[in-house]
Amino acid sequence: MIRTGFYSGSFDPVTLGHIDIIARAARLVDRLVIGVGVHATKTPLFSEDERVEMLEAETRAVAGTAGIPIEVVTFSDLSVAAAQRYGADVIFRGLRDGTDFDYEMQMANMNGEMAPSVQTVFVAASPAVRHIAANLVRQIALMGGDVTPFVSTGVAVRLATKAKSSQ
């Protein structure tokens with residue numbers, strides 16, 4: 001039986017924190033699906049295609065190291081519904097701190113009611129990336145700050161381009 005994991009987020013942009021969780025989750029399953037949330041009520045900095053491209057580029061090495069396929073998809077419904085659609089047995093959620101835990105625990109309980117066969121597994125972020133939040137990275141980039149401690153070189157270049165075009 002192939003174990004499939006699902007990890008979702010807005011990934012606007014994909015950060016080193018996201019990659020940390022993806023790498024750790026990839027060691028626990030046979031296949032990992034990364035779901036890029038696309039919601040009409042949110043206005044992301046990067047388009048859905050750009051976010052998918054970034055994730056595909058950033059996860060190639062992770063897939064190779066873990067020896068599993070990683071698929072990047074978009075979804076606009078509930079993450080638990082998308083997880084079921086892609087055959088996931090487990091939903092991975094990253095935790096940075098206690099605030100994340102409280103919110104993620106509520107979500108896990110709600111998802112468990114809607115899809116009892118899909119388990120939620122919390123993955124604690126590594127200490128080196130625990131402080132990284134995509135919304136803060138966006139803000140730093142748009143205000144001309146250095147984001148290289150928080151994202152890969154490729155993502156930093158994309159952020160710098162977006163920051164210049166928004167001025």
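Check Gly112 against each of (1) in contact (Cβ under 8 Å) with a residue 12 or more places away in the chain; (2) within 24 Å of Val29 (Cα to Cα); (3) not charged (D, E, K, R) and name the one condition it does not meet.
The single condition Gly112 does not satisfy is (1).
Would you check which residues across the range 104-135 are of a type in the set (D, E, K, R) and out of contact with any Asp or Glu (no Cβ under 9 Å at 6 or more places or on another chain) and list them?
Pass one, the range 104-135, residues of a type in the set (D, E, K, R): 104, 113, 130.
Residues satisfying the conditions are Glu104, Glu113.
Tell me which residues, restricted to the range 124-151, are buried (at least 18 other Cβ atoms within 10 Å of the Cβ) and within 18 Å of the chain's Cα centre (by Cα). Steps first, please.
At the first step, the residues of the range 124-151 found to be buried (at least 18 other Cβ atoms within 10 Å of the Cβ) are 125, 129, 132, 134, 137-138, 141, 147, 150-151.
Once the filter is applied, which keeps residues that are buried (at least 18 other Cβ atoms within 10 Å of the Cβ) and within 18 Å of the chain's Cα centre (by Cα), the range 124-151 yields Ala125, Val129, Ile132, Ala134, Val137, Arg138, Val147, Phe150, Val151.
Specify the residue that is surrounded by the fewest Cβ atoms within 10 Å (Cβ to Cβ); the eligible residues are those in the range 152-167 that are in a loop (DSSP other than H, G, I, E, B) and in contact (Cβ under 8 Å) with a residue 12 or more places away in the chain.
Filtering the range 152-167 down to residues in a loop (DSSP other than H, G, I, E, B) leaves 152, 166-167.
Still in the list and also in contact (Cβ under 8 Å) with a residue 12 or more places away in the chain: 152, 166.
Numbers: Ser152: 17, Ser166: 9.
Applying the filter and picking the extreme gives Ser166.
Looking only at the range 118-161, count how many residues are closer than 11 Å to Pro13 by Cα and of a type in the set (Lys, Arg).
Residues in the range 118-161 being closer than 11 Å to Pro13 by Cα and of a type in the set (Lys, Arg): 2 in total.
Among the listed residues Leu28, Leu45, which satisfies the condition of being out of contact with any strand residue (DSSP E or B) (no Cβ under 9 Å at 6 or more places or on another chain) and touching a residue at least 60 places away in the same chain (Cβ under 8 Å)? It would help to see each step written out before you state the result.
On the way: Leu28 fails: out of contact with any strand residue (DSSP E or B) (no Cβ under 9 Å at 6 or more places or on another chain).
Criteria check complete, one pass: Leu45.
Would you kindly identify the helices (runs of 4 or more DSSP H) lying entirely within the range 1-119 that contain at least 3 residues that are over 13 Å from the mean Cα position of the chain (by Cα), of a type outside the set (Phe, Trp, Tyr) and surrounded by fewer than 19 Cβ atoms within 10 Å (Cβ to Cβ)? Step through it out loud before you land on a result.
On the way: elements: 16-26, 48-66, 79-85, 98-114.
Passing ranges, in order: 48-66, 79-85, 98-114.
The numbers here are math on the coordinates, done by the rules we state, and not lab data. Note that this is a predicted model, so its numbers are computed, not measured. Don't worry about glycine lacking a Cβ; one is built from the backbone with ideal geometry, like all the others, and counts go over all protein chains shown.
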